[in-house]
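What follows is a single structure, written as structure tokens, with notes after it.
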Amino acid sequence: MNYVIKDDLCIACSSCVDACPMDAIKESEVFVIDQSLCVACGACADSCPMDAIVKEGESDPKPVKKRSFLQKLFMK
Ligand code: SF4
Ligand code: SF4
């Protein structure tokens with residue numbers, strides 16, 4: 001199962017780039033996963049504060065995680 005990055009949720013924080021053991025996530029205009037390098041470990045998805053990385057075909061982000069991240073950002 002491939003992981004993909006949803007551009008509309010990504011805030012370009014680079015957490016996923018740091019988390020990827022295969023160096024498979026590249027930043028060009030948007031962050032993209034090089035599927036030829038990805039081993040589908042899920043580390044990037046776990047590291048993403050916006051739940052912007054999902055298994056292909058699973059497009060529903062987890063709203064609770066996203067909300068708590070936004071609260072941390074704006075309720076300081
Ligand atoms: S699933 Fe694993 S190997 Fe693939 S891009 Fe994410 S962190 Fe890298
Ligand atoms: S961790 Fe998530 S929000 Fe941050 S750059 Fe990667 S996909 Fe975008």
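Listed values, structure above:
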{"item": "Of all residues in region 38-54 being near ligand 1 (Cβ under 9 Å from one of its atoms) and over 15 Å from Asp18 (Cα atoms), the one that is surrounded by the most Cβ atoms within 10 Å (Cβ to Cβ)", "result": "Ala40"}
{"item": "Options Cys44, Cys38; residue that is at pLDDT 95 or above, on the phi < 0 side of the Ramachandran plot and more than 9 Å from the chain's Cα centre (by Cα)", "result": "Cys38"}
{"item": "Residues of region 6-37 classified as within 7 Å of ligand 1 (Cβ to nearest atom) and among the polar types (S, T, N, Q), total", "result": "0"}
{"item": "Flag if Met50 is more than 9 Å from ligand 2 (Cβ to nearest atom) and modelled with pLDDT of 95 or more", "result": "no"}
{"item": "Hits in region 1-35 - residues which are in a loop (DSSP other than H, G, I, E, B), at pLDDT below 95 and farther than 21 Å from Leu73 by Cα", "result": "Met1, Asn2, Ser28, Glu29, Val30"}
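The values are calculated or read from the model by the stated rules, or taken from the named source; none is laboratory data. Everything numeric here is computed off the predicted structure, so don't read it as measured data. Because the Cβ atoms are built from the backbone with ideal geometry, glycine has one as well, and the counts that use them run over all protein chains shown.
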